[in-house]
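Novice: Pasting a structure below so you can have a look.
The values are calculated or read from the model by the stated rules, or taken from the named source; none is laboratory data. Keep in mind that this is a model prediction, so the values were computed, not measured. Please note: Cβ atoms are built from the backbone with ideal geometry, for glycine as well, and neighbour counts cover all protein chains shown. Just the protein is used for accessible areas: all its heavy atoms, side chains included, with ligands, DNA and RNA removed. Shrake-Rupley method; radii C 1.70, N 1.55, O 1.52, S 1.80 Å.
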Amino acid sequence: MAKVIVGLSGGVDSSVAALLLKQQGHDVTGMFMVNWHDRTGTLTSNCSWEDDWNLAQMVAKKIGIPVIKVDLSEEYRHRVVDYMFAEYEKGRTPNPDVLCNREIKFDSFLKVALEHGADYVATGHYCRKDEITDPNGLIIHRLLAGKDSNKDQSYFLCQLTQDQLSKALFPIGDIEKPEVRRIAAEAGLATADRKDSQGICFVGKVDLPTFLQQQLRPKRGRIMLIDPESEHYKHPNSSHNTDISSIPSMLTEELEELSAPYPYTPEEGIKVGTHDGAHFFTVGQRKGLSVGGMKEPLFVIGTHIERNVVFVGMGKSHPGLFRRGLFIRKDEVHYLRPDYTLKPGDSMKVDARIRYRQPLQKATIVCREEGLFMVFEQPQRAVTAGQFASWYKNDEVLGSGVIDK
C-alpha cells in the first residue's frame, strides 16, 4: 500500500482517479490547488475555484478520504501566466496546459505532496505509465498514450522528466471516458455529469484578447490579404517534393528552407481590414478577424509583430497555412526518454503531433548543432511558433520541444 496524494480538481476524471486508488487499498488524500484568483476576461461566472473546491470536498467525503487545499497561485502566475504574456508579446502562441503540467502539477504540487509524506501523486490524465529495465539495470519510466484515443492526454505531459514520471500515477489511463462517467455515477459522485473544463488550465474559458490586455496594450494595425496566385508569392516548402528517405542527409540549409515560415513583408497583400494587435492572433486562426464580404472564410497565415501586421489567406486550403517542417532550438529540446537522445548528425523516423488531439503524423527528426528539425511526410496545417511538438514511437512519448519557427 502506498501513500498517494491525488490532485482533486472538482472534475469527474480526478474524482474517479481518487475512487479507484481508494478501492485498490492505497492510503489516499485529495489535494485541491488554488492557482488563479483573477477573473479578468473569463467568459463564465459559474466556473470559479470556489465551486470546484466545494465539489472536491463533496467527492472526498463520499469516497471517504481527507482533502486539503493549497494555494499555488504565486507559482502559477510566475511560471505559467507570465510566460504566456511574454510569448504572446513576441508573436508566439504558448501552450499553458503543457506548461502547467511541467511547472505546477508535477513540480510545485509534487513538492508539496512529498512534504506531506506522499509516495506518489496521481492525476486524472488519460495516459498510461509503465517501467522497463535497460541493459545496465537502470529503470526507465515510459509515458504511453491513454487507451481512449479520443481523450489521450499524453501530449500535455510531453515535458515531464524521468524523475517526475517516477512519482506519477494515472489511474484512469486504461479506461475510456464513458466508463469513467459510469463509474462516477454508480459511486454517487457529485461530479459524474459535470462537463469537462475548457480554456486555459486553471483559469478557465476566457476571451483571450481581453485576458492578454492585462499586460499587452491594444494597437491598431492592418489586415493584409495574400493572394497565392500573385506573381510575387512563392511558398515552396508547403508542397516540397522531397523524398522522405533523403531528409537525414540534407544540408542544414535545405532543412532550414523546409522549416521556415514564409517571410511576408509589411507591404505585401491587399488591405482588407484592421485589428487591435498582431500579438493577439495566431496562425490558423479564423475567429476575431471581423472581415466580411469574402467568397471564403479568412484564416491567419502569418504576422509581422514589429510592424503590427496580420496576414490572412482566403479558404482553408490556402498554401500559407501549410508547411513541411519545423525547427526546435537546441536548448528547447526535451527528451523524456534520455536513451533516445540524438546527437548532431543523428536522425530518427517518428510519429509526431504539433497540437492536442491531432492524429499522429509520420515525420523524420534530424539533429544538427543548432537544434532539431522535424520534417513531415505530408504538409502540416498551422505550424505555430511557441507551441510544442512531441514525438512518439508506437504509443510512447519519447520527447518534445517548443517550436521556434
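Novice: What are the residues in region 275-291 that are farther than 22 Å from F85 by Cβ, open to solvent by 60 Å² or more (accessible area, probe 1.4 Å) and not basic (K, R), if any?
Specialist: Scanning region 275-291 gives a single hit, S290.
Yes/no matrix, rows are residues, columns are (1) basic (K, R); (2) open to solvent by 30 Å² or more (accessible area, probe 1.4 Å); (3) under 20 Å from the mean Cα position of the chain (by Cα):
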{"site": "R337", "(1), (2), (3)": "yes, no, yes"}
{"site": "Y340", "(1), (2), (3)": "no, yes, no"}
{"site": "K343", "(1), (2), (3)": "yes, yes, no"}
{"site": "S347", "(1), (2), (3)": "no, yes, no"}
{"site": "A352", "(1), (2), (3)": "no, no, yes"}
{"site": "K362", "(1), (2), (3)": "yes, yes, yes"}
{"site": "I365", "(1), (2), (3)": "no, no, yes"}
{"site": "T384", "(1), (2), (3)": "no, no, yes"}
{"site": "F388", "(1), (2), (3)": "no, no, yes"}
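Novice: Here is a follow-up. Does N136 qualify as being of a type in the set (S, T, N, Q), in contact (Cβ under 8 Å) with a residue 12 or more places away in the chain, farther than 26 Å from A2 by Cα and open to solvent by 20 Å² or more (accessible area, probe 1.4 Å)?
Specialist: When the stated conditions are applied, N136 does not pass them.
Novice: If you check G117 against the conditions, is it in contact with a strand residue (DSSP E or B) (Cβ under 6 Å, 6 or more places away or on another chain), at pLDDT below 95 and open to solvent by 10 Å² or more (accessible area, probe 1.4 Å)?
Specialist: Here the answer is no, as G117 does not meet what is asked.
Novice: Same structure, new question: Looking at region 5-35 only, could you name the residues that are touching a Lys or Arg at 6+ places or on another chain (Cβ under 7 Å) and among the β-branched types (V, I, T)?
Specialist: Listed by number, the residues that qualify are V12, V28, V34.
Novice: Follow-up question, since we're still on this one. Which pairs turn up if I take residues in region 73-93 that are closer than 23 Å to V310 by Cα and touching a residue at least 24 places away in the same chain (Cβ under 8 Å) and look for partners that are among the hydroxyl-bearing types (S, T, Y) and open to solvent by less than 20 Å² (accessible area, probe 1.4 Å) with beta carbon separation below 8 Å, at least 6 apart in sequence or on another chain?
Specialist: Close Cβ pairs (under 8 Å, with a partner that is among the hydroxyl-bearing types (S, T, Y) and open to solvent by less than 20 Å² (accessible area, probe 1.4 Å)) amount to E87/T93; R92/T384; T93/T384.
Novice: Here is a follow-up. Could you list all residues from region 72-82 that are of a type in the set (D, E, K, R) and either in contact with a Leu (Cβ under 8 Å, 6 or more places away or on another chain) or more than 14 Å from D107 (Cα to Cα) (or both)?
Specialist: R77, R79, D82
Novice: Which one of these does T29 not meet: (1) among the polar types (S, T, N, Q); (2) out of contact with any Pro (no Cβ under 8 Å at 6 or more places or on another chain); (3) open to solvent by 10 Å² or more (accessible area, probe 1.4 Å); (4) modelled with pLDDT of 95 or more?
Specialist: Condition not satisfied by T29: (2).
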